[in-house]
Amino acid sequence: MIFLRFPVFDTRAFLIGKDFGAWPVYLFALQRPGRVSGIVTLGVPFIPPGSRNFHVLPEGFYISRWKVPGRPEADFGRFDVKTVLRNIYILFARSEIPIAGEGEEIMDLVKPCTPLPPWFTEEDLSNYAALYENSGLYGPLQVPYRSLHKDSTLSNPKIQVPTLVIMGKKDYFLKFPGVEDYIMSGKAKEYVDDLEITFLAEGTHFVQEQFPDQVNVLITTFLNNHT
């Protein structure tokens, strides 16, 4: 998910991206730094190309499963769209990485009786399901899951514009190999000249839906400070 905001009388833009939407935002800033006033990303800091350590996770890791053509299609195809989305919101609102065991698929990790997160209503689910019933679920499998290997060949990448990263302290992404240390040790600041990272203590991977007012304040404050 990517948003653009152009300051008045300025040819540059603020770029805002969530999750995998953060990568095209960072890539644009690397390639066209003069067109960017600042960056906000939700859930994902800038991580240099080639630094992902997904290969050290078990075979049942959800990204490993979903990048295989046909496997998630068969997994999702056992359920209606609304059930698939329900399972995804339940799974990714947890603080543990979704990893299936032997003989399991990712959708099997959620029991039918498991309730939705309290901040995500049945009405929300119905509205999302209606959209995905029209578009289908398989476009998001192609981008990003089946294009992760197409890393940029940029050498010595460094973000040179003010950057705000908003993360939930209970985001499962922090459990990815090396991610928490990369952020907390200050290593992330080696690749971003002006980096601010804000954690919401109870936030999950869906921090923008869980705490929309707080996230909006953080974003608008950042925009005003750098316009």
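Where a number appears in this text, it was derived from the coordinates with a stated rule and is not lab data. Everything numeric in this text was worked out from a predicted model, so none of it was measured. Cβ atoms come from the backbone with ideal geometry, glycine included; neighbour counts cover every protein chain shown.
Here are a few things to note about the model shown:
- When Met167, Met107, Met184 are sorted by how many other C-beta atoms sit within 10 angstrom of their C-beta, beginning with the fewest, the order is Met184, Met107, Met167.
- Neighbourhood charge, 14 Å Cβ-Cβ cut-off, centred on Lys18 and excluding it, Lys, Arg +1 and Asp, Glu -1: -3
- Sequence-distant lysines (8 or more away, or on other chains) whose Cα lies within less than 30 Å of Lys187: Lys18, Lys67, Lys150, Lys158, Lys169, Lys170, Lys175
- A cut-off of 5 Å between modelled amide H atoms, ignoring neighbours fewer than 5 places along the same chain, links Val36 with Ala13.
- Cα gyration tensor category, rounded, prolate or oblate, for the stretch 148-227 with a/c compared to 1.5: oblate
- Evaluating kT/(6 pi eta Rh) at 4 °C and 1.567 mPa s, with the Kirkwood radius of the chain over Cα pairs in the Stokes-Einstein relation, gives 69 µm² s⁻¹.
- Sorting Arg12, Arg65, Arg78 from the fewest to the most surrounding beta carbons within 10 angstrom yields Arg78, Arg12, Arg65.
- Column: log10 I(q)/I(0), Debye, Cα scatterers of the stretch 54-145, q = 0.25 Å⁻¹: -1.51
- Each of Leu218, Leu15 was scored by other Cβ atoms within 10 Å of its Cβ. Arranged with the fewest first, they read Leu218, Leu15.
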